[in-house]
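Some notes on the structure that comes next.
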Ligand SMILES: Nc1ncnc2c1ncn2[C@@H]1O[C@H](COP(=O)(O)OP(=O)(O)O)[C@@H](O)[C@H]1O
Ligand SMILES: [Mg+2]
């Protein structure tokens, strides 16, 4: 993972909220062109980490470097202009606007002309399976529709680095099967992806590299199959002693 | 916006343009006053309706437009039209300055509303106290009928200019709503975090909106002073215009194109009626305005335009 090809370098980030230390001095890097996974139990600090990378949360220490530029203190909208887009785990639709208008806010970032921005928005909507809903109010979408809208808006900004925060959470298996190829296709089009995900099937299928967080610390990193066998990771997910018990079960 | 809505607006403006040909001076007076409030409300609507930043202090812009126009003519002998342009520019500048102070401090919601009110009140007290603004006795613009002086013998000319101004601002609003800026403004109103994530500069968007909003409301102030020729602090910077601009936009239908115009006509129609029936009771029109606002919020939160759309939509589906 080290080396000159890292598109995003996050180093030694810490951040506390009052007495809660959400991030305890952790680092990660994302290689250009990869799909990198960020996993860990609830409350590990993953979403806060996304906030630090996208400019919504100011870190107490550490730095964020994107394509060689230090962007640690840069406002969120300027990072979006640089090509970093994010989705929100708790979806944030523009509830009073239509699906098409929602997505067009994203496409206006690269296209000032209304007709062009709308055409791009329409194309993005079709790509994520919202093509038939353009004129619907965003508030009328189902959970799966809202997740797609988050994805569509971020995509419409034509990002180079896409941060996906649990876009599969709350979807049923068939909806997940529908959206996995979309994510594959986004990467194939040259977009680098950093994704927070709980659905392990998706993480294993999609990710080149995985970082594992627990309680504000990075406890493991590596290829998906190696990470899954890591005793520390198993303990973080299943509780203290779980790795040893699994080992015994395996030996018996 | 839909074609039918636009056609309705054009028809309404055309009908209003016929009124001066048929009606008495009293009716024309009513129409001009309603148009001035409509213009102020159209300005308010850009920031409050489209941008979601509810201001209680648009008097700050109305008064600045009015005072600058009048003072430039009185004190420096400026041409009325040049003074009008300067008045609008000054209003825009005051808007930008208040916006820079308030939005930089990230004031939103009721805090924003109260601080705008405070700014307008400070200006009112200053205008009332200073000599240059004529103090409490106010300023009278000499009667000088003639197109070159932006004064007209016939009130109907004022009505037509007012209608043209309202039409121009409606066109501008439509153009804006369909532009990138309009999309950014809607995004800021709906969800600032989501907007930021999509590259929207929240501060710049709000500053543009308040500047444009202030310029339009300042134009209403300019128009007021050219029509009535008299100005004092309670007229220029008084809360009446802040309230009427806000009420007209809300009662008409917040964030809709036609709302401010329809709201202003409805508000003033009702105001005149109550004054006719109960003219002796001071402040009765304010009581009616209050009741109207409560009724609008309770029964038609989307205003007259919204209620009408729902009614038409319901009949179509029935
Ligand atoms: N704005 C905030 N204020 C206070 N505490 C916060 C805030 N954001 C996150 N936290 C806390 O930081 C910790 C990490 O949260 P989060 O980043 O959402 O974890 P994850 O996404 O891994 O589930 C949690 O304990 C959470 O309560
Ligand atoms: Mg999270």
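Other chains' Cβ within 10 Å of B:183-191 residues: what's the mean?
Values: counts 13, 3, 0, 7, 9, 2, 3, 10, 9.
Across B:183-191, the average partner-chain Cβ count within 10 Å equals 6.
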Subject >> Kirkwood hydrodynamic radius (C-alpha pairs) into Stokes-Einstein, the protein assembly as shown, 10 °C and 1.306 mPa s, D in µm²/s >> reply: 60
Subject >> Theoretical ellipticity at 222 nm over chain A - DSSP helices of four or more residues, -39500 (n - 2.57) apiece, nearest 500 >> reply: -11500 deg cm²/dmol
**OP:** Arrange A:184, B:149, B:268 by Cβ neighbour counts within 10 Å, fewest through most, would you?
**Re:** A:184, B:149, B:268
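Please work out whether the range B:1-74 counts as rounded, prolate or oblate from its C-alpha gyration tensor, where a ≥ b ≥ c are the square roots of the eigenvalues and a/c under 1.5 means rounded, while otherwise a/b larger than b/c means prolate and anything else oblate? Numbers along the way, then the final one.
Details: a/c = 2.74, a/b = 1.13, b/c = 2.41.
Oblate, since a/c reaches 1.5 and b/c is not below a/b.
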**OP:** Go ahead and run the numbers for FRET between residue B:154 and residue B:284, Cβ-Cβ distance against an R0 of 25 Å, rounding to 0.05.
**Re:** 0.20
Original post:
How many partner chain Cβ atoms sit within 10 Å of a residue's Cβ in peptide A:99-107, on average, as a whole number?
Top reply: 5
Original post:
So how tilted is helix A:114-127 from the main axis of chain A? Cα-based, degrees 0 to 90, rounded to 10.
Top reply: 50
**OP:** Please determine, in degrees from 0 to 90 and to the nearest 10, the orientation of helix A:242-251 with respect to the longest principal axis defined by the Cα atoms of chain A, where the helix direction is its Cα long axis.
**Re:** 70
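What FRET efficiency comes out for the pair residue B:234/residue A:225, r = Cβ-Cβ distance, R0 = 60 Å, nearest 0.05?
Details: r = 78 Å, r/R0 = 1.29.
Once rounded, the FRET efficiency stands at 0.20.
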Original post:
How far apart, in nm, are the 7 Å Cα→Cβ label points at residue B:79 and residue A:74?
Top reply: 4.9
**OP:** Please work out the C-alpha center-to-center distance from the range A:115-140 to the range B:171-220 and express it in whole Å.
**Re:** 22
Original post:
Taking other Cβ within 10 Å of each residue's Cβ, how do A:65, A:157 sort, fewest first?
Top reply: A:65, A:157
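Rounded to the nearest 0.05, what FRET efficiency do residue A:232 and residue A:5 have when you use their Cβ-Cβ distance and R0 = 35 Å?
Values: r = 27 Å, r/R0 = 0.77.
For residue A:232 and residue A:5, the calculated efficiency is 0.85.
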Subject >> Estimated [θ] at 222 nm from DSSP helical runs (n ≥ 4, -39500 (n - 2.57)) normalised by residues in chain B, nearest 500 >> reply: -25500 deg cm²/dmol
**OP:** Over the whole of A:86-97, what's the average partner chain Cβ count within 10 Å per residue? Rounded to a whole number, please.
**Re:** 4
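The numbers here are math on the coordinates, done by the rules we state, and not lab data. If you're wondering where the values come from, they're calculated on a predicted model, not measured in any experiment. In this analysis, Cβ positions are derived from the backbone assuming ideal geometry, glycine residues included, and neighbour counts consider all displayed protein chains.
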